[in-house]
């Protein structure tokens, strides 16, 4: 089940809930009973890769990461 973040419109508090995708945008009860309104927050993430890894660092022009023509591809 996906983990969603919700932010309070009133004070900016953020909570996390495990909910099914079909219930992702359903109303959320205030866990502290203060009557706040929560809306789903767009969650983002970042990843890092080691230096020298990935197709962009291989120097290849082919989608496979090898030099053009070395895999038999003509693209």
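Every number in this text was worked out from the coordinates using simple rules, so none of it is lab data. All of these numbers come straight from a predicted model, not from anything done at the bench. When we count neighbours, we look across all protein chains shown, and the Cβ atoms used for this are built from the backbone with ideal geometry, even at glycine.
Details
- Full extension of the chain segment joining residue 25 with residue 42 gains 5.0 nm, where the gain is 0.36 nm per residue of separation less the Cα-Cα distance.
- Computed FRET value (nearest 0.05) for residue 13 with residue 49, which takes r as the C-beta separation and R₀ as 35 Å: 0.55
- Normalised by 2.2 N^0.38 Å, where N counts its residues, the alpha-carbon radius of gyration of the stretch 3-43 equals 1.05.
- Over the stretch 3-43, relative contact order from alpha-carbon pairs under 8 Å, at least 6 apart, %: 48 percent
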